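First comes the structure, then the notes that go with it.
The values are calculated or read from the model by the stated rules, or taken from the named source; none is laboratory data. Bear in mind that the values here come from a model prediction, so they are computed numbers and not experimental data. Virtual Cβ from ideal backbone geometry, glycine too; neighbours counted across all protein chains shown.
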Amino acid sequence: MHPSSLEPDSRAMREMGDLVLQHVIARTERLPSRPATNAHPPAAVADLVESFLEPPPARGGDLGDLLSRLDEAADCALETAGPGHLSYVPGGGLYTAALAEFYTRATNRYGGFALVAPALAALEESVLRWFAQGVCGLPAGSGGLMTSGGSMATFSATVAARHDRLGEDLATGTVYTCASAHHSVAKAARLAGIRAANVRTVPHTADQRMDPEATAAMIRADRAAGLRPFLLVATAGTTDTGTVDPLPALAELARAEDLWFHVDAAYGGFFALTDRGRRRLDGLAAADSITLDPHKTLFLPFGTGALVVRDPATLRAAHDGTGSYLQDIGAGGVPDPARLGPELTHEIRGLRAWLPLHLHGVDAFRAALDEKLDLAEHVHDSLSAVAGLEVPLRPDLSTVVFRVRPRDDTPAAAREADGAGRLLLERINAHQRVALSSTALDGRFTLRVCVVSHRTHHDRVTEALKIIAEEASRV
């Protein structure tokens with residue numbers, strides 16, 4: 001095939017596909033031995049970045065050469081697909097989801113209006129109904145929208161809550177979230193037109209949970225001051241610690257005060273597939289809307305998020321619009337995603353979840369999530385026994401936090417311990433077998449181990465614990 005041809009024949013398609021597949025399989029096979037962190041020195045990173053800022057050529061090149069270039073770029077990165085990725089909240093990147101994505105891109109069906117591709121729209125709707133009803137426990141009639149991730153899901157939920165509770169009068173609308181909530185909650189409120197001064201940060205309890213009593217006091221004080229409380233946002237699995245807020249108490253408060261109750265379950269939501277997770281997520285089904293990130297705890301590729309809502313009509317009321325060029329498109333048998341969110345160009349993201357779920361079965365995902373809960377408990381118990389470290393919280397889900405224990409209770413000792421913690425993180429990651437990240441917890445420098453990837457198993461966690469213990473003895 002001549003490289004300038006935009007329409008390869010079937011033979012060329014196979015050759016190109018085989019070549020890409022060879023690179024993908026080779027990369028996947030190397031994941032256990034690849035550095036968990038970016039092993040390139042800063043100067044090499046700068047040179048490589050500069051080389052990729054060039055404009056495209058007038059004449060095409062060789063696919064093999066271009067794939068080798070792509071491998072260079074992919075190697076210059078945190079290894080987010082590997083078993084040693086224990087930082088932030090990892091996404092795994094299931095191979096079968098990548099196949100689904102390839103099929104979606106190659107068939108190139110438009111997913112904004114159900115009538116254009118009714119069967120594929122129904123496929124995506126089936127995924128959303130299962131997310132809403134089968135995973136989160138929302139009632140029949142609930143549904144939602146596939147999104148690019150948790151930020152867009154939380155934004156659309158905020159817009160729906162604003163429209164439902166405030167109408168067009170936004171000036172005094174007030175939102176309540178917690179200090180440990182994801183920063184996308186405040187960002188969504190700002191983008192939805194809520195004044196920054198009206199986004200209340202509720203203090204958390206000693207165990208890092210949103211305080212229902214403090215929330216209630218803030219709501220009542222604001223209402224007495226002439227403000228209009230309309231949205232309460234809880235978290236089911238905070239990014240910092242994996243902690244689950246007291247959802248039943250917060251749901252009851254939201255009902256009593258007539259607030260929309262949103263739960264950010266981007267990280268924690270799919271743990272409801274397990275018995276332990278379902279108990280820890282008690283109260284999730286009381287939400288009006290829920291953010292989910294299948295690209296976290298369903299191990300799907302980045303860019304796969306979801307918003308599920310108790311009443312999809314609230315999404316349509318807030319987001320629907322039309323144009324004369326759409327006059328030929330009638331209603332399909334399932335909801336139109338373009339009417340439920342801000343995007344009109346809607347890719348059929350649901351296939352990324354549908355194919356792996358139908359191919360592997362739900363039990364495979366449940367078992368993988370149970371394994372992550374087991375591994376987190378093992379990490380907690382093991383680190384609690386390491387001299388010189390303190391583990392302030394038992395994990396609700398699959399994140400364990402730890403830090404260097406100060407020599408005494410003075411501020412100077414805490415600062416000294418924080419400095420040692422920074423050095424500890426640097427030394428752990430320098431092994432390039434695992435990548436950890438840090439956060440600030442009650443003003444202290446705190447390290448995190450987040451076990452989420454479907455490729456992370458007992459062997460890599462054992463290796464991580466050995467590295468942590470060895471380096472902790474040296475700082």
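Restricting attention to segment 380-413, report how many residues are over 17 Å from residue 454 (Cβ atoms), touching a residue at least 12 places away in the same chain (Cβ under 8 Å) and not basic (Lys, Arg). Steps first, answer last, please.
In the first step, residues of segment 380-413 are kept if they are over 17 Å from residue 454 (Cβ atoms); the result is 380-396, 400-413.
Pick out the ones that are also touching a residue at least 12 places away in the same chain (Cβ under 8 Å) and you get 380, 382-383, 386-390, 392-396, 400-405.
After this cut, where a residue has to be not basic (Lys, Arg) as well, the list is 380, 382-383, 386-390, 392-393, 395-396, 400-402, 404.
Residues flagged as over 17 Å from residue 454 (Cβ atoms), touching a residue at least 12 places away in the same chain (Cβ under 8 Å) and not basic (Lys, Arg) within segment 380-413 amount to 16.
Inside segment 109-162, can you point out the residues that are among the basic types (Lys, Arg) and outside any loop (DSSP other than H, G, I, E, B)? Even if it seems obvious, please write down each step before you answer.
In the first step, residues of segment 109-162 are kept if they are among the basic types (Lys, Arg); the result is 109, 129, 162.
Result: 129, 162.
Counting just the residues of segment 276-317 that are in contact (Cβ under 8 Å) with a residue 40 or more places away in the chain and of a type in the set (Asp, Glu), which one comes out surrounded by the most Cβ atoms within 10 Å (Cβ to Cβ)? Give the derivation first.
At the first step, the residues of segment 276-317 found to be in contact (Cβ under 8 Å) with a residue 40 or more places away in the chain are 276-277, 280-281, 284-285, 287-312, 314-315, 317.
Filter once more, so that each one left must be of a type in the set (Asp, Glu): 288, 293, 311.
On the way: 288: 25, 293: 27, 311: 17.
Going through the qualifying residues, I end up with 293.
Output yes when any residue across segment 314-335 is of a type in the set (A, V, I, L, M, F, W, C) and within 22 Å of residue 91 (Cβ to Cβ), and no when none is.
Of the residues in segment 314-335, the ones of a type in the set (A, V, I, L, M, F, W, C) are 315, 317-318, 326, 329, 331, 334.
Narrowing further to those that are within 22 Å of residue 91 (Cβ to Cβ): none.
Among the residues of segment 314-335, not one is of a type in the set (A, V, I, L, M, F, W, C) and within 22 Å of residue 91 (Cβ to Cβ), which makes the answer no.
Could you grab me the full set of residues in segment 178-204 that are in a loop (DSSP other than H, G, I, E, B) and of a type outside the set (A, V, I, L, M, F, W, C)?
Let us first name the residues in segment 178-204 that are in a loop (DSSP other than H, G, I, E, B), namely 179-182, 192-195, 203.
Those that are in a loop (DSSP other than H, G, I, E, B) and of a type outside the set (A, V, I, L, M, F, W, C): 180, 182, 193, 195, 203.
Are any residues in segment 48-82 touching a helix residue (DSSP H, G or I) at 6+ places or on another chain (Cβ under 7 Å) and without any contact (Cβ under 8 Å) to a residue 24 or more places away in the chain, and if so, which ones?
If the condition is that a residue be touching a helix residue (DSSP H, G or I) at 6+ places or on another chain (Cβ under 7 Å) and without any contact (Cβ under 8 Å) to a residue 24 or more places away in the chain, then 52 is the only one that fits.
Are there any pairs, at least 6 apart or on different chains, whose C-beta atoms fall under 7 Å, with the first in segment 178-199 and within 20 Å of residue 227 (Cβ to Cβ) and the second assigned to a helix (DSSP H, G or I) and of a type in the set (Val, Ile, Thr), and if so, which?
Filtered contacts from segment 178-199: 185/154; 188/154; 188/158; 189/158; 192/158; 192/159.
Give the residues of segment 328-358 that are of a type in the set (A, V, I, L, M, F, W, C), surrounded by fewer than 16 Cβ atoms within 10 Å (Cβ to Cβ) and closer than 22 Å to residue 101 by Cα, sorted by residue number.
Keep residues of segment 328-358 that are of a type in the set (A, V, I, L, M, F, W, C), which gives 329, 331, 334, 338, 340, 344, 348, 351, 353-355, 357.
Then keep just the ones that are surrounded by fewer than 16 Cβ atoms within 10 Å (Cβ to Cβ); that gives 329, 331, 344.
Correct list: 344 only.
Quick one: which helices (runs of 4 or more DSSP H) lie wholly within segment 10-96 and hold at least 2 residues that are surrounded by 15 or more Cβ atoms within 10 Å (Cβ to Cβ)?
On the way: elements: 10-30, 42-51, 63-75.
Per the criteria, 10-30, 63-75.
Examine segment 402-415 for a residue that is among the β-branched types (Val, Ile, Thr), buried (at least 22 other Cβ atoms within 10 Å of the Cβ), under 21 Å from residue 375 (Cα atoms) and modelled with pLDDT of 95 or more, and state whether such a residue exists. Break it down stepwise before answering.
Filtering segment 402-415 for residues among the β-branched types (Val, Ile, Thr) gives 404, 410.
After this cut, where a residue has to be buried (at least 22 other Cβ atoms within 10 Å of the Cβ) as well, the list is 404.
Now drop any that are not under 21 Å from residue 375 (Cα atoms), which leaves none.
So far as segment 402-415 goes, no, none of its residues is among the β-branched types (Val, Ile, Thr), buried (at least 22 other Cβ atoms within 10 Å of the Cβ), under 21 Å from residue 375 (Cα atoms) and modelled with pLDDT of 95 or more.
Against the conditions (1) without any contact (Cβ under 8 Å) to a residue 60 or more places away in the chain; (2) more than 17 Å from residue 260 (Cα to Cα), where does residue 148 fall short? Just the number, please.
Of (1) without any contact (Cβ under 8 Å) to a residue 60 or more places away in the chain; (2) more than 17 Å from residue 260 (Cα to Cα), only one is false for residue 148: (1).
Inside segment 356-475, counting only helices (runs of 4 or more DSSP H) that do not spill past its ends, which hold 1 or more residues that are among the β-branched types (Val, Ile, Thr), under 23 Å from the mean Cα position of the chain (by Cα) and over 30 Å from residue 123 (Cα atoms)? Quick ask: steps written out before the conclusion?
Working: elements: 362-384, 411-430, 458-472.
It comes to 362-384, 458-472.
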